[in-house]
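Trainee: Sharing a structure with you now.
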Amino acid sequence: MLRIAIQSKGRLNEESLSLLQSIGIEVDAPKRKLLSKSQTFPIEALYLRDDDIPHVVESGTATLGIVGLNEVEERGAEVSVIARLGFGACRLSLAVPKGEDYDGIEWFSGRRIATSYPNILRKYLIERGIDAKVEVITGSVEIAPAVGIADAIFDIVSSGSTLIANGLREVETVFESEAVLITNKSLTAEDQAVIDDLLFRIDSETVSRGKKYMLMNIPRASLDEAIKILPAMRSPTVMPLASPDWCSLHSVIDAADLWTKVRQLKAIGAEGILVMDVDKIIL
Ligand code: PRT
Ligand code: ZN
């Protein structure tokens, strides 16, 4: 039974659990339980604060963990990052009060920067030869300049609205993050086999995310043109219709491209276009 460390509450909890659920791994939500065994896969969830997950995996208390790459980097944990999970996207950025005349990274020399990520920040500053004072604070970093604790901040940004609400301007993006799957560095062959199965399932989930299945009737005369518009995984499926001048064309597309493709296909005579959600793609 492998143990996977998952954030007990907070931004990554729900999506971590729904990822597991979508690949057929049911575990109880962290109500009062710290540990929850799955009945459908040889895994048990260990619910923790995200700060503790890298170390718990490094020490082997858990074999796997789902955590932000920012936490892995900040803690300098000796773990392997084996998959990017496509949720929890954010960046660690430097931000200054919006009225400041910011003219480049030299601006930070001799200034105080408040952050909960001192290690990533110090490394960045040292690499650029900037001598700034790093003020470590946990929580509400964005208010530090307004209350006079610091001249600037280094914090997680996602939409950017927290910065704007606090009169700050993002000036340098330092680190791009998302939720990742991490493992302990020494795995037994048995652990590895379970992890390979897990990764196979996650891959199919990641590949199918944001995809739509499209089928339509198309005049045979427009088929070559339609295939250029719909480059499927290998090539689109073409099926004959009772009427010899028409065929049915099936393909998988990115949801983001849907309306552009629909317009292009309509322009070459496509009819009866059906669009469906994709549950799984197994490559
Ligand atoms: O209790 P625990 O210690 O487990 O949780 P936590 O409070 O330390 O972390 P949590 O749940 O806030 O975040 C967990 C992880 O989610 C982070 O380590 C990141 O990897 C990821 N993540 C993604 C974010 C954000 N987006 C995010 N926006 N973490 C924090 N934020 C904060 C940000 O600091 C800002 O203050 O949310 C605020 C809003 O951001 P904007 O830019 O959208 O306004
Ligand atoms: Zn935390």
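Trainee: According to the square roots a ≥ b ≥ c of the eigenvalues of the Cα gyration tensor, what is the shape class of segment 167-247, taking rounded for a/c under 1.5, prolate for a/b larger than b/c otherwise, and oblate for the remainder?
Mentor: Working: a/c = 4.73, a/b = 1.71, b/c = 2.78.
Oblate, because a/c is 1.5 or more while a/b does not exceed b/c.
Trainee: On to the next question. Accessible area of LEU20, 1.4 Å probe, to the nearest 10 Å²?
Mentor: Surface open to solvent at LEU20 totals about 0 Å².
Trainee: So who's got an amide H within less than 5 Å of the one on GLY86, skipping anything under 5 residues away but keeping other chains? H placed 1.01 Å off N, in plane.
Mentor: Excluding prolines and chain starts, which carry no amide H, the hits are ALA179.
Trainee: Note down the magnitude of the dipole of the chain about its Cα centre, charges +1 on Lys and Arg C-beta and -1 on Asp and Glu C-beta and zero elsewhere, to the nearest 20 debye. Before the final figure, lay out the partial values.
Mentor: Details: 31 positive and 41 negative charges, 115 e Å.
Here the chain has a charge dipole of around 560 debye.
Trainee: If each DSSP helix of 4+ residues adds -39,500 (n - 2.57) and the sum is divided by the residues in the chain, what number results at 222 nm, nearest 500 deg cm²/dmol?
Mentor: Values: 8 runs with 76 residues, N = 283.
Dividing the helical sum by the residues of the chain leaves -7500 deg cm²/dmol.
Trainee: Quick one: accessible surface of LYS261, probe radius 1.4 Å, all protein chains present, in square angstrom to the nearest 10.
Mentor: Around 30 Å² of this residue is reachable by solvent.
Trainee: Just how many pairs of Lys in the chain have C-alpha atoms closer than 15 Å, counting pairs that are eight or more places apart or on different chains?
Mentor: Lysine pair count for the chain: 9.
Trainee: With every protein chain kept in the model, how would you rank LEU283, LEU125 by accessible area, 1.4 Å probe, largest at the top?
Mentor: LEU283, LEU125
Trainee: Something else now. Beyond 13 Å, what share of the Cα-Cα pairs of segment 211-277 is found? Please give it as a whole percent.
Mentor: Numbers: 1280 of 2211 pairs.
Cα-Cα pairs in segment 211-277 separated by more than 13 Å: 58 percent.
Trainee: Can you bin the chain into rounded, prolate or oblate? Criterion: square roots of the alpha carbon gyration tensor eigenvalues sorted a ≥ b ≥ c, rounded for a/c under 1.5, prolate for a/b above b/c, oblate for the rest.
Mentor: Details: a/c = 2.89, a/b = 1.50, b/c = 1.93.
Taking the square roots of the gyration eigenvalues as a ≥ b ≥ c, the chain is oblate.
Trainee: Would you please give the residues with an amide H less than 5 Å from that of VAL67, counting only those at least 5 places away or on a separate chain, with H modeled from the backbone geometry?
Mentor: VAL180, ILE182
Trainee: Can you find, among ILE156, PHE108, GLY129, the residue sitting farthest towards the positive end of the charge dipole of segment 90-176, where Lys and Arg contribute +1 and Asp and Glu -1 at Cβ?
Mentor: Positive-most Cα among the choices belongs to ILE156.
Trainee: So what J values fall out for segment 262-269 if you push phi through Karplus, 6.51 cos²θ - 1.76 cosθ + 1.60 with θ = phi - 60°, rounded to Hz, Gly and Pro as x?
Mentor: The phi angles translate into 4, 4, 5, 6, 4, 5, 9, x Hz.
Trainee: Next up: For segment 90-176, what is the per residue volume of the convex hull drawn over the alpha-carbon atoms, in cubic angstrom?
Mentor: Working: hull volume 7.2 nm³, N = 87.
That works out to 83 Å³ per residue.
The values are calculated or read from the model by the stated rules, or taken from the named source; none is laboratory data. Just so it is clear, the structure is predicted and the values come from calculations on it, not from any experiment. Heads up, the Cβs are rebuilt from the backbone with ideal geometry, glycines too, and the neighbour counts pull from every protein chain shown. Ligands, DNA and RNA are stripped out before the accessible areas are found, and what is left, the full protein with its side chains, is counted by its heavy atoms. Shrake-Rupley method; radii C 1.70, N 1.55, O 1.52, S 1.80 Å.
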